[in-house]
Amino acid sequence: MTDATHEYSAAQEAALSQGGSTGGCAECHSGNWIHVRYEYPNEGPVSDAIYVVQKPNNGEPGGEIIAEGVLSVTEQSQHQFVHVDLGNYNGEVEVFFFDDPTEPEAIQEPAPVTDERAWYEKAATAIAQGASDAASWTGGVLAGDFNEEMSTSQIITSAVVTAIPVVDQVADVRDLIANGKALVWDRRFNEIAVWVGIFACLIGLVPSLGSLAKGVIKVIWRNAGEIGRVLVYINKALFKMGKAPNGYRFVRKLADDVVAQVGFVAGKFDEFLEVLAEKIALARNIMPGKVAEALKTLELVRAMGAQKLDDAAHAIQRKILQGISRFSSRAYSVLPQQSIVVRRATELIIEMGPFPNWERHMGRPGFNRAEMEAGARQIDEAADVRFKDIQRMAPQWKDEIVADLNAHAARTDLSDVERQAVSDLLAAANSPRFLGTLRTFGSKPSYRIFQPGDRVYRVINDESGIGGRFWSPEKPPKTEAEWRSRDAVLNDWNNGGAYVVADVPPPPGAFEGEIGPQDLTQVGKNGMMLDGGGTQTFMIDSVPANSIREYWYTEWNAPTSALQAARNAGKWTECDL
Amino acid sequence: MNEAVDIVELFKRADRMMGEYLGKISETREHIIEKLQKNVELPHGVRVALKRPDDKAFLVKAHQDLKEDIEVLTIHQNSFKRELGAATKITDISRAEISMMNWPNNADRSMESVLDYDYLESDILPPPHVYWQTIERDYYKYFCHKAGSPEDIAQATEILRYLNTVENPWR
């Protein structure tokens, strides 16, 4: 056993003794903290997972990281939650998870390379000897693939434990030979996987990144879905060694580092090509034609190396970022001094809300407003008459509403609040905009003076939609077609991703009534219309942003998840402190 | 016939004003980009029109949103022209009438994320409903019959005949 594996075993044993305390630590709970727990559907703890805590990022991973770590709660431990110290940060945070169902496996420490030149020579010699010899060296590993005698767990855990810049004596030389052969003999210059193979072998020589970078690239390139496993292994290994877990931060940063290290890797690749050229040249007397051709190919490879390695670095970067975004859970918001339990569900859950803030996916990315409005129908003769009738009746409605409001204002039994509300409604009815507003109703609306406790709803595109004046006395229906048809909302006006619930007053009142139809000819969809017929509440002033109680996904835009979250006040007796 | 001539003139004016408004939105976008790139002060006519003229993030979004609003209102104008250019039935006249009167609401709703709701005038980008007041006034002057009534049908028929036999600026 090497020193490194001995250290690893010792760390494992030390970690096994960490079961969490049972008495709690009241004085440890004076600052900013949260408690985190991740469960199976049967409420048992998920232990093969890591958590990441970030500043709010609309429910998506990718925000500024505050903390990350291993979920150390097990069936045996007496603590139920992991304590996460937020340091000086005292605002809302978001927590998300990566998990992996398998346990790390015991590792065999690979023999590290201590002599780069000798390592280059070994690979160069094998490549120089030609296709058949090279094949025997690679043990059947294909170019663009990696030597996979080691499992993901072994690659990552051993990389963390060695924690030094290293390329593996045997495994990496095989990869380098396989990919070098593909370039020099098979002329597979245009296969990105070949260059990724080269890149991954050589980035192991970067002092600040070392074998862990190489290991992560190898695993994720093969399967981005392994990202959870990678993060679990990194953080568990670090945790067991008593070091601060930073796997997520390492991998996230690696996505940038691979691009930043292209120059270094290209330099190492040049050095390797020098050695390879020397080895190939040795056979000049035996096979002059073949050697000349190979040296010419080498020059070609050298000329394109920097660009191809840059392409490979960007491809690796994309793969890492895709893995991070696709295979994490969504991020759940928590306030300091709260506990959060995130549980896997047996069925997909529609996560409509409520949410305290706007969530990025409420913006409905990818919505195509050019498509026909859901719920649209053809205009018929009756609808034609109705459109015109509404246009022409609007002035009469306005006169009647103003008269009604004047009569209301003349009453002597009004409270100050009601008198002011009627006055404000009158001012709105006399504004130059009002006639146009009335043409959006299907019949003469009434006016409404809000009472404390009243609520209104509005489907919105983004947060600026809160400032709009057209609201509804009821929440949107279940389908987009029902909503667009009922409320006559064009795609261009609103993508229908979310809705908000607001308390009113303020504003003091609104005009409320049947929604008129909309002719889609105006948006180039000739002969089509939305019926209207629902009820709209036209606010005489904006709803203040601080009156918004809740944000909800609309049912047709709600994300589904196999997770659900519950938040409670955190208790100092429940965690591992 | 005289009324038909006046109504076609009204349609022509509405068409011209729809086009001119697109120019006003473009000019507003140019002021916004000057502010963002060169920190040139926004003119008063743009400041009063925007919800948050001092918020750089808002201005970036407003610049993009207004580009999309130009697309929306260009489609509106083109549809309006197409209805008139291809008018063969009295329902085509009705459709053009509705399209003309829908314009301020479509503009208002489309630019809802950008424009301050309560401003009343601007020399650069007037509020759509204020901008459309003269069209609205003349619309109610000419289109005063009950929808579907014999007078209404006769009026639409006369406009259709004018467009098909005397002059159709959209063909």
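At 25 °C and a viscosity of 0.890 mPa s, what translational diffusion coefficient does Stokes-Einstein give for segment A:29-89, taking Rh as the Kirkwood radius over Cα pairs? Give it in µm²/s as a whole number. Provide the component values of the computation, followed by the final result.
Values: Rh = 12.7 Å.
Taking Rh from Cα pairs, D becomes 194 µm²/s.
Could you tell me the convex hull volume per residue, in Å³, taken over the Cα atoms of segment B:2-165?
Working: hull volume 17.0 nm³, N = 164.
Dividing the Cα hull volume of segment B:2-165 by its residues yields 104 Å³.
Which order do B:Glu41, A:Glu351, A:Glu278 fall in if you start with the one that has the fewest other Cβ atoms within 10 Å?
B:Glu41, A:Glu278, A:Glu351
Given points 7 Å out from each Cα along the Cα-Cβ axis, report the A:Ala118 to B:Met17 separation in nanometres with one decimal.
Using points 7 Å along Cα→Cβ, the separation is 8.9 nm.
For a Förster distance of 60 Å, can you work out the FRET efficiency between the beta-carbons of A:Leu282 and A:Lys55, rounded to the nearest 0.05?
0.55
Among B:Thr165, B:Thr157, B:Thr91, which comes first, then next, by fewest other beta-carbon atoms within 10 Å?
Going from least to most buried by this count: B:Thr165, B:Thr157, B:Thr91.
Sorting B:Val48, A:Val258, A:Val84 on the 10 Å Cβ count, fewest up front, what's the list?
If I rank by nearby Cβ atoms, fewest first, I get B:Val48, A:Val84, A:Val258.
Expressed in nm to one decimal, what extension gain is obtained for the pair B:Ala57 and B:Glu34 from 0.36 nm per residue of sequence separation less their Cα-Cα distance?
Extra length from B:Ala57 to B:Glu34 when fully extended: 6.8 nm.
When all C-alpha to C-alpha distances in segment A:360-558 are sorted into bins of 10 Å, what percent of pairs does each bin hold, rounded to whole numbers?
Over segment A:360-558, the share of Cα pairs per 10 Å bin runs 9, 34, 35, 18, 4, 0 percent.
For chain B, list the DSSP H helices whose alpha carbon atoms reach 30 Å or more along the long axis and whose average Kyte-Doolittle value is -1.0 or above?
Answer set is B:2-38, B:56-85.
So, in nm, how far is label A:Lys243 from label B:Gln133 when the simple model puts each one 7 Å beyond its Cα toward the Cβ?
With each label point 7 Å from Cα toward Cβ, the separation is 7.3 nm.
Normalise the Debye intensity by I(0) for the protein assembly as shown, one equal point scatterer per Cα, no solvent, then take log10 at q = 0.05, 0.06 Å⁻¹ and round to two decimals.
Those come out to -0.41, -0.56, one per q.
Just the Cα atoms of segment B:29-122, one point each, no solvent: what log10 I(q)/I(0) does Debye give at q = 0.17 Å⁻¹?
-0.77
Within segment A:359-402, list the chymotrypsin sites (Phe, Trp or Tyr not before Pro) lying in a DSSP loop whose Cβ has at most 10 other Cβ atoms in a 10 Å radius.
none
Would you kindly state how much longer the chain becomes between A:Gln420 and A:Cys25 on full extension, computed as 0.36 nm times their sequence separation minus their alpha carbon distance, in nm to one decimal?
136.5 nm
Which percentage, to the nearest 5, of the DSSP beta bridges contained in the protein assembly as shown is antiparallel? Intermediate values should be presented prior to the final figure.
On the way: 61 of 67 bridges.
That works out to approximately 90 percent antiparallel.
Can you figure out the FRET efficiency of A:Leu295 with A:Arg326, using R₀ = 45 Å and their beta-carbon distance, to the nearest 0.05?
Between A:Leu295 and A:Arg326 the formula returns 0.55.
Which number do you get for Rg(Cα) / (2.2 N^0.38 Å) in segment A:314-429?
Cα-based Rg divided by the globular estimate yields 2.01.
P(r) for segment A:415-503, please, calculated from all Cα pair distances in 5 Å bins and given in %.
Reading the bins upward from 0: 3, 11, 19, 22, 21, 16, 6, 3, 0.
In a shell of Cβ-Cβ distance under 14 Å around A:Arg330, excluding A:Arg330 itself, what net charge do Lys and Arg (+1) and Asp and Glu (-1) give?
Net charge in that neighbourhood comes out at -1.
FRET efficiency for A:Asn526 and B:Asp116, Cβ-Cβ distance as r, R0 = 35 Å, nearest 0.05?
0.60
Simple spin-label model, 7 Å along Cα-to-Cβ: B:Lys89 to A:Val259 in nm?
Inter-label distance under the simple model: 5.6 nm.
Normalise the Cα radius of gyration of segment B:89-133 by 2.2 N^0.38 Å (N = residues in it) and let me know the number.
Working it through for segment B:89-133, the quotient is 1.38.
Throughout, read-outs are computed from the coordinates displayed, never taken from laboratory work. Please read all numbers here as calculations on a predicted model, not as lab measurements. Methodologically, a virtual Cβ is constructed for each residue, glycine included, from the backbone with ideal geometry; neighbour enumeration extends over all protein chains shown.
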